[in-house]
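Here's the structure we're looking at; comments come further down.
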Amino acid sequence: MTSTVAAQPQSSKPQPSKPPRNSMLKRLRGGDEAAWLITLLFAISVLAVTAMLVIELWHGSAASRAKSGFSFLTSRAWNPVTDEYGAYPFLYGTVVTSVLALIIAVPSGLGAAIYLSEMATGRWSDALTFLIELLAAVPSVIFGLLAMFTLVPLMRDAIGPAIKSVLGFLPLFSGPVYGVGYLTASLVLSVMTFPYVISVSREALLAVPREQREAALALGATTWESTWQIVVPYARLGIMGAIFLAFARALGETMAVTLVIGNDPAVHASLFAPGYTIAAVIANEFTEATGKIYPAALVELGLVLFVLTFILNGLARLLILFTTQKGSAKA
Amino acid sequence: MTARNFYRRSLNNVMLTLTGICALLTVSTLFVVLGFLFYHGATSVNLDFFTKLPKPTGETGGGMANAIVGSAEIVAFASMMGLPVGFFTGVYLAEYGSGGALAFVVRYMCDLLNGVPSIVVGIFASILIVKPSGHFSAFAGGVALSLLLIPITAKSTEQFLAEVPRALREGSLALGAGKWRTIASVVVPAARKGIMTGMILGIARIAGEAAPLLFTSLNNEFWSNPLREPTASLPYMIYTRALSPYDDWHRQAWAAGLVLLVLVLIANIAARLILSRGAAPRG
């Protein structure tokens, strides 16, 4: 394919006055400026869309921002009937579920990434990585469906009571186990964030120069010592980037969490208690929100979520950019 | 000394085994998901599922033909808007902007847009399309999903264009072709398999999204006009059916989940096959 196309100008060289047989290509011939302009406009449209997104969220939340100001973030009241809106229970639920998910996902994900980059070789590593990528492709609503019908009963009847019988004296594990709640949502989120932790950390680990490992091994280090004391610290920025990326994903995750979080706009110390997240409350209430302030409050929640993920993703991308550039400079 | 070496050796073995277990555990979650969906959904996927409308509440049977068609419509709208924008943005990033400040900003914005929670994109499309027009529609859903598709397409297009060997471009330029001609007839064709792969992966990703559709295309139990009426989609159907109190609807939710997951996984595997066949002659 490529060779035939490349050969075409050559064949037309003996008779330069004759136009190329494809009139479309002829018109493009002198169109370098036009082509540059068209692609430039499309590239700028990406910036325009992002700007519009921010502006719409800002305008859409104006009524709510005017009413409650910064106390929106700290107020615990969420009562559409009396038009009182506070984001605190949702912020709390979002952060607690995401952090807990990372506490589960980061050690196991990093372990898997180490295995994939340091232990597994060639095709075996590629095959496992592909399966991890497939896990990332599973739609979030399917995780929700699965969790709702399998994990929730399991949590209510087996996992919850088992944890309670051992650690029930802690406020973290007090109260009745409903099945839905912070812990269940965190477990689902941890599975959903595995792929991000694993694939980005693996890239960072693979970017570590071979000499680093060989030097450590030559000094008598075991494989684990070389990995844990040399390779992982070398790749730490990329791994941090992976964690931020996964954190941002967990914060914004909607469907799976909505189905298992329990939808209770209150702050509970117990991880077994039902809660609420920003994404879940938007999903449940935005279409039905009437009046002026109610929808604006939900848009403001969206704005808060947007800003949070924007900052985390921004940091993550900078860290990943930094490590990959460092890696390519060494190579 | 030997005790210390014994400790180091044991630690080595234990930790390396643990990393293997971590890998196994994380990978196995995919098979757990697949296994449960087949177990609960396989018996409910029949001809009716693909050809019949949903039955009214309380009656058993029926299918999700309208949701399958609705999903296709929404994804088609999203592709029509998202793929060209993403593609040309990718061309700009790889061929025109490469080292410039604007390209850096656009590339960074693509990454950030890619990380914006899909529910926020749903709010945006709702304010932008649904509010002014006064009705939910498949088109509004398509707009929301196209916003997710643009950054994915742009990044993958850029990546695969950048991998085209320099010699190929120089050969074309040396033969007297202009820059645009070189891009259109040499660089893009050389990278077409990679670009297509990126597009397929992007479409597979948005096809499973439910959150942006909650306030844009909504749902429908019947056939609908995609430009003017709320339109059913598979991900939304799974959500509503899962939340319902009826066993028969739960059964349908599993069936829809299985169909959706199989479609998404097939698209991912197909994309991988296209890519590996395309890369073979070059490598």
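The values are calculated or read from the model by the stated rules, or taken from the named source; none is laboratory data. Small disclaimer: the values here were computed from a predicted structure and weren't measured. Don't worry about glycine lacking a Cβ; one is built from the backbone with ideal geometry, like all the others, and counts go over all protein chains shown.
Screening the candidates A:116, A:131, A:187 for the property of being in contact with a Leu (Cβ under 8 Å, 6 or more places away or on another chain), surrounded by fewer than 23 Cβ atoms within 10 Å (Cβ to Cβ) and in contact (Cβ under 8 Å) with a residue 12 or more places away in the chain yields one hit, A:187.
Somewhere in region B:221-237, is a residue at the interface with chain A (Cβ under 9 Å from one of its Cβ atoms), more than 18 Å from the chain's Cα centre (by Cα) and among the small types (Gly, Ala, Ser)? No, because not a single residue in region B:221-237 is at the interface with chain A (Cβ under 9 Å from one of its Cβ atoms), more than 18 Å from the chain's Cα centre (by Cα) and among the small types (Gly, Ala, Ser). Considering only residues in region B:14-54 that are part of a loop (DSSP other than H, G, I, E, B) and without any contact (Cβ under 8 Å) to a residue 24 or more places away in the chain, the one that is farthest from the other protein chains (Cβ to nearest Cβ) turns out to be B:52. Cβ-Cβ distances below 8 Å connect the following pairs, each with a first residue in region B:150-176 that is basic (Lys, Arg), a second residue that is surrounded by fewer than 21 Cβ atoms within 10 Å (Cβ to Cβ) and part of a helix (DSSP H, G or I), and a separation of six or more residues or different chains: B:155/B:111; B:155/B:114.
The helices (runs of 4 or more DSSP H) found entirely in region A:199-263 include none that carry 1 or more residues being farther than 24 Å from residue A:151 by Cβ, facing chain B (nearest Cβ under 10 Å) and in contact with a Ser or Thr (Cβ under 6 Å, 6 or more places away or on another chain). Listed here are the helices (runs of 4 or more DSSP H) enclosed by region B:133-208 that have at least 2 residues being more than 8 Å from chain A (Cβ to nearest Cβ): B:138-162, B:166-174, B:192-207.
Criterion first (closer than 30 Å to residue B:103 by Cβ, assigned to a helix (DSSP H, G or I), aliphatic (A, V, I, L, M) and more than 8 Å from chain B (Cβ to nearest Cβ)) does residue A:48 satisfy it?
Spelling it out, residue A:48 is indeed closer than 30 Å to residue B:103 by Cβ, assigned to a helix (DSSP H, G or I), aliphatic (A, V, I, L, M) and more than 8 Å from chain B (Cβ to nearest Cβ).
Is there a residue being facing chain A (nearest Cβ under 10 Å), over 23 Å from residue B:230 (Cβ atoms) and touching a helix residue (DSSP H, G or I) at 6+ places or on another chain (Cβ under 6 Å) anywhere in region B:77-86? Yes - at least one qualifying residue is present in region B:77-86.
Considered as a group, the residues in region A:103-153 that are under 21 Å from residue A:223 (Cα atoms) and not in a helix (DSSP H, G or I) include one that is nearest to the other protein chains (Cβ to nearest Cβ), and that residue is A:120.
Just name the residue that is nearest to the other protein chains (Cβ to nearest Cβ) out of those in region A:264-286 that are in a loop (DSSP other than H, G, I, E, B) and more than 15 Å from residue A:89 (Cα to Cα). Full working, then the answer.
Looking only at region A:264-286, we keep the residues that are in a loop (DSSP other than H, G, I, E, B), and these are A:264-277, A:286.
With the extra rule that they be more than 15 Å from residue A:89 (Cα to Cα), the set shrinks to A:272, A:286.
Numbers: A:272: 21, A:286: 5 Å.
The extreme case among them is A:286.
For region A:276-318, how many residues are of a type in the set (D, E, K, R) and modelled with pLDDT under 90? Quick ask: steps written out before the conclusion?
Residues of region A:276-318 that are of a type in the set (D, E, K, R), as a first pass: A:285, A:288, A:292, A:300, A:317.
Restricting the remaining residues to those that are modelled with pLDDT under 90 gives A:288, A:292, A:317.
Within region A:276-318, residues that are of a type in the set (D, E, K, R) and modelled with pLDDT under 90 number 3.
Taken over region A:284-300, residues that are touching a Lys or Arg at 6+ places or on another chain (Cβ under 8 Å) and under 15 Å from residue B:124 (Cβ atoms) amount to 2.
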